[in-house]
Every structure is written in C-alpha cells, then in structure tokens.
Amino acid sequence: MQELSKLEAGYLPIEAREMALSPVINRVGDRFADQLLASDQLTLKIDIAEDLPPVWGDPARIEQVLVNLLSNALRHTPAGTVTVRAYQKERSAQDFVWVDVVDTGIGIAEQDLPHVFERFWRADRSRDRTSGGSGIGLAICRRLVALQGGQIFADSQLTIGSTFSFSLPIHPIM
C-alpha cells in the first residue's frame, strides 16, 4: 500500500533507460522455476522473440511487474501452463514491445475484468490477505507500466484462463 501511494505521489522513482528485456524475463522465470519443480501438474514456458529490440524502461520495476503477474498466474492455475511471451507489434504510431503472461487457470468473469486493476479489488470477495493477496498488486502494475510509457490489459474467460499483457516503448523514445 505504501509503495502504491509513493508511486502515485511521485516519490518512488522510475529509473528508465535503454535495456534488453530478455534477461529480465529469463531471470524472473528462473526465480519461479524452482517453485515449479515440485509440481508435476504445472509448467512455465518462456517464449521470447529472437529479434526483440531494446525497450525504454526500469529493469527493477519491469521485474516487479513480471513477478506480480507470474505470482497471480501461478496462484490461479492449479494445473496447466503459464507462458510468458515477449514480442514486437505495432499498436499505434509508436512501436512497442509487448509481454504477455498467459495462464490456463480458473479465469476471471467478464463482468469482473474492468475492475482487475482497481485498488483493493478482488474477484473472490471471500479471499483475505492470507489466501488472496492485498488487492493492490495489479494497481501497482498498472501504475508502473504507465510511468514507463506503456499500457496494461487483461483478457480472460472462466475455466479457460487469463492473459495479462503490457507494453513498453521501444528505445529510442521519440
């Protein structure tokens, strides 16, 4: 909560620079790989485009976003696959690199999707901080991505899974 407040007030700096995204994604994937060794029902896949250009971002903050999205995906995927993929696509006048965290988990109801990035919001109201988090992780992700010039979206279907996608501007920024 304190971190989100600092972000919103401008006290938590973003130290954006030109950077390669692949090492950050692989490092986060490695952090979760050990946790997945104990599970024979859940796999993590990393799919990074070979020609991924450098992005403009803060490596520590991008790692924070990835850790949050992967933690959520793994928590809500009792069996199946969680995939992190990074690729370039053009969405507007400026090019972006996109990162998707895709799971085959429980999914999110359509009526709940517009609220997933709101502070303190949880799809399952019966969850408490012990079983469901604080309800601010995705709000922090949204703010961190926005401060780096990107956007974040969620798409999901119940019983099918969820995809959380965020963009980062390709360096150099114009």
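The values are calculated or read from the model by the stated rules, or taken from the named source; none is laboratory data. Just so it is clear, the model here is predicted, and its values are computed rather than measured. Glycine also receives a Cβ, built like all others from the backbone with ideal geometry; neighbour counts cover every protein chain displayed.
Can you pull out every residue in the stretch 37-51 that is among the aliphatic types (A, V, I, L, M) and over 18 Å from the mean Cα position of the chain (by Cα)? Quick ask: steps written out before the conclusion?
Filtering the stretch 37-51 for residues among the aliphatic types (A, V, I, L, M) gives 37-38, 42, 44, 46, 48-49.
Leu37, Ala38, Leu42 - these are the residues of the stretch 37-51 that are among the aliphatic types (A, V, I, L, M) and over 18 Å from the mean Cα position of the chain (by Cα).
Among the residues of the stretch 47-82, count how many are without any contact (Cβ under 8 Å) to a residue 24 or more places away in the chain and crowded, with 16+ Cβ neighbours inside 10 Å.
Qualifying residue count for the region: 0.
Please work out which one of (1) modelled with pLDDT of 90 or more; (2) assigned to a loop (DSSP other than H, G, I, E, B); (3) not small (Gly, Ala, Ser) is the condition Trp121 fails and give its number.
(1)
Quick one: which strands (runs of 3 or more DSSP E) sit completely within the stretch 5-94 and have at least 3 residues that are in contact with a Lys or Arg (Cβ under 9 Å, 6 or more places away or on another chain), modelled with pLDDT of 90 or more and under 18 Å from Phe164 (Cβ atoms)? Break it down stepwise before answering.
Numbers: elements: 17-19, 42-48, 55-57, 80-90.
Because the criterion is at least 3 residues that are in contact with a Lys or Arg (Cβ under 9 Å, 6 or more places away or on another chain), modelled with pLDDT of 90 or more and under 18 Å from Phe164 (Cβ atoms), the strands (runs of 3 or more DSSP E) in the stretch 5-94 that meet it are 42-48, 80-90.
Exactly one condition in (1) under 21 Å from Ser156 (Cβ atoms); (2) buried (at least 22 other Cβ atoms within 10 Å of the Cβ) is false for Arg85; which is it?
The one condition Arg85 does not meet is (2).
Could you please find all residues in the stretch 155-169 being buried (at least 20 other Cβ atoms within 10 Å of the Cβ) and out of contact with any Gly (no Cβ under 9 Å at 6 or more places or on another chain)?
First, the residues of the stretch 155-169 that are buried (at least 20 other Cβ atoms within 10 Å of the Cβ): 156, 161-162, 164, 166-168.
Within the stretch 155-169, Phe164 is the sole residue that qualifies.
Tally time: how many residues in the stretch 124-145 are surrounded by fewer than 16 Cβ atoms within 10 Å (Cβ to Cβ) and modelled with pLDDT of 95 or more?
Here the count works out to 0.
Would you be able to tell me the number of residues in the stretch 22-66 that are β-branched (Val, Ile, Thr) and over 21 Å from Pro169 (Cβ atoms)?
Residues flagged as β-branched (Val, Ile, Thr) and over 21 Å from Pro169 (Cβ atoms) within the stretch 22-66 amount to 2.
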